[in-house]
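To start, the structure itself, in structure tokens.
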Amino acid sequence: MNRLRKEENNPGQGAPTFFIHTFGCQMNESDSEHIAGLLTAYGWQKVDLPEESRLVIVNTCAVRAKSVEKFSSLLGRLKELKRKYGTKIAVVGCVAQLEGEDLLKLHPEIDFILGPDNYADLPKMIERQERQAATAWSVHWREHPPSLILRESQVSAYVPVMEGCNNFCTYCIVPFVRGREKYRPARFILEEIQELARSGFLEVQLLGQSITSYRDPESGQPLSSLLRQVARIEGLRWVRFITSHPRDFTPDIARVMAEERKICKQLHLPVQSGSNSILKKMNRGYTREEYLEKIAFLKELMPAISLSTDIIVGFPGETEKDFEATLRLLEEVRFTNIFSFRYSPRPLTAASRWTDDVPFEVKRRRLLELQALQKKIQLEINAALEGRMMDVLCVGRSPKTPHLYCGRNEAHQVVNFSSPLDVTHKMVRVKITSSGPYSLRGELVLENP
């Protein structure tokens with residue numbers, strides 16, 4: 001560790017510096033917080049610009065081709081930094097796991113490759129100062145001290161509860177880059193969240209690629225039991241969990257959501273397609289009717305629940321009839337938000353061996369049509385909220401409109417609002433005064449004017 005601490009960005013300028021660029025999901029964001037905390041414990045200092053850093057870490061995503069393209073573009077820019085300043089480059093995450101040592105051979109500018117199970121090896125790699133790759137799998141959960149996490153937020157915390165996926169959807173690369181499911185013992189999860197609550201955090205987001213599969217490896221308790229225990233930790237205001245698989249989403253989970261006040265009445269439940277033939281080809285393990293049945297049960301228990309989803313258009317074999325079925329599902333469910341994508345073949349997946357037979361222009365048209373319909377739905381949902389008062393967890397000033405504060409409500413919608421007080425990192429009441437398709441606007445409600 002002493003040798004590591006001596007490594008400097010420039011001689012005589014103090015602690016060595018690092019910069020992290022993160023692509024992808026909340027799990028990647030959480031991993032970056034772990035990496036940052038680990039390096040900080042070794043005497044390194046996190047900076048906001050790659051030009052200021054001795055080490056640039058790129059946390060990659062391989063789920064879609066576009067994410068890999070963005071990584072390649074960034075890597076091209078980092079080559080110039082390395083040429084000018086000798087900056088070290090570490091590539092971590094899903095692309096690192098997928099490509100391994102091949103990345104080192106193809107890209108001489110890269111110094112270190114680390115898969116998701118190998119982040120703890122980074123300090124030793126830096127110390128040895130040799131180009132190398134670490135992509136070994138661990139069958140069991142590896143517990144990393146929560147005290148080493150350098151969190152981006154002071155009020156909302158990511159808490160991983162599992163990693164990996166056993167579902168093998170035909171389009172999805174996750175089982176190949178994150179491995180098989182492994183579950184974190186509930187006692188570690190609860191201890192971390194209790195400490196977060198004592199430290200003033202108001203919200204926790206439980207993370208797992210297929211979180212509804214969770215089973216405590218020590219007691220066997222399912223996700224519903226864990227959620228109930230988390231919801232009863234004193235000091236917390238909101239509890240969220242992501243990502244749920246519709247096949248494994250049980251009535252018990254829905255009932256716990258409805259019964260426990262702290263569990264947000266908000267759920268991300270990826271449907272991917274509204275067509276039974278496409279769902280079967282995707283190996284999703286449920287039908288359109290079964291998905292809608294679960295949605296109806298959720299709305300019966302929680303009429304005001306906010307629902308979001310993922311949708312892929314242009315999957316191999318998708319016809320206009322299949323696509324129309326997806327549009328009708330959007331109209332029926334009325335999601336608060338969707339994440340929509342054109343299909344792109346991913347290495348190692350079953351679908352990558354099939355003909356990608358939907359032309360790009362057809363994919364593009366379908367995506368635009370889907371997004372236009374969803375925009376109309378969101379405008380209607382958001383307009384209905386005007387005049388209402390709601391709790392908002394404020395994260396600070398709005399990036400696009402700095403004279404306003406910004407946060408999210410229980411439905412996980414963005415709320416920009418005016419306030420005469422600095423309410424950063426506080427839960428506040430806001431009256432909604434106007435709306436757009438992607439955010440709400442309001443004003444702080446002063447409880448004792």
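Annotations for the structure displayed:
- Breaking point among (1) farther than 25 Å from Leu393 by Cβ; (2) touching a Phe, Trp or Tyr at 6+ places or on another chain (Cβ under 7 Å), for Arg180: (2)
- Filtered residue count, segment 302-313, keeping only those that are loosely packed, with under 15 Cβ neighbours inside 10 Å and of a type in the set (A, V, I, L, M, F, W, C): 1
- Residue selection: Leu373 fails the criterion of being surrounded by 14 or more Cβ atoms within 10 Å (Cβ to Cβ), in contact (Cβ under 8 Å) with a residue 24 or more places away in the chain and under 28 Å from Met427 (Cα atoms).
- Selected residue (criterion: surrounded by the most Cβ atoms within 10 Å (Cβ to Cβ)) from residues of segment 117-144 that are among the charged types (D, E, K, R) and assigned to a helix (DSSP H, G or I): Asp121
- Subset tally (residues that are farther than 20 Å from Phe18 by Cα, among the charged types (D, E, K, R) and surrounded by fewer than 21 Cβ atoms within 10 Å (Cβ to Cβ)) for segment 89-116: 3
- The one condition in (1) in a loop (DSSP other than H, G, I, E, B); (2) touching a helix residue (DSSP H, G or I) at 6+ places or on another chain (Cβ under 8 Å); (3) under 30 Å from Trp354 (Cα atoms) that Phe176 fails to fulfil: (1)
- Unique match (being in a helix (DSSP H, G or I) and modelled with pLDDT of 95 or more) among Leu39, Leu81: Leu39
- The set of residues from segment 48-62 being buried (at least 21 other Cβ atoms within 10 Å of the Cβ) and outside any helix (DSSP H, G or I) comprises Ser53, Arg54, Leu55, Val56, Ile57, Val58, Asn59, Thr60, Cys61, Ala62.
- Among the residues of segment 207-245, those that are in contact with a Lys or Arg (Cβ under 7 Å, 6 or more places away or on another chain) and touching a residue at least 40 places away in the same chain (Cβ under 8 Å) comprise Gln209, Leu236, Arg237, Trp238.
- Ser32 vs. criteria closer than 22 Å to Gln132 by Cβ and touching a Ser or Thr at 6+ places or on another chain (Cβ under 7 Å): yes
- Beta carbons closer than 7 Å, at least 6 apart along the sequence or on distinct chains, never pair a first residue in segment 416-442 that is touching a residue at least 60 places away in the same chain (Cβ under 8 Å) and closer than 30 Å to Leu373 by Cα with a second that is of a type in the set (Gly, Ala, Ser) and part of a loop (DSSP other than H, G, I, E, B).
- Single condition Lys294 does not satisfy, out of (1) touching a strand residue (DSSP E or B) at 6+ places or on another chain (Cβ under 9 Å); (2) of a type in the set (Lys, Arg); (3) under 18 Å from Ser210 (Cα atoms): (1)
- Among the residues making up segment 118-157, a single one is aromatic (Phe, Trp, Tyr) and closer than 18 Å to Ala36 by Cβ: Tyr119.
The values are calculated or read from the model by the stated rules, or taken from the named source; none is laboratory data. Only a predicted model underlies this, so the values are computations on that prediction, with no experimental measurement involved. Please note: Cβ atoms are built from the backbone with ideal geometry, for glycine as well, and neighbour counts cover all protein chains shown.
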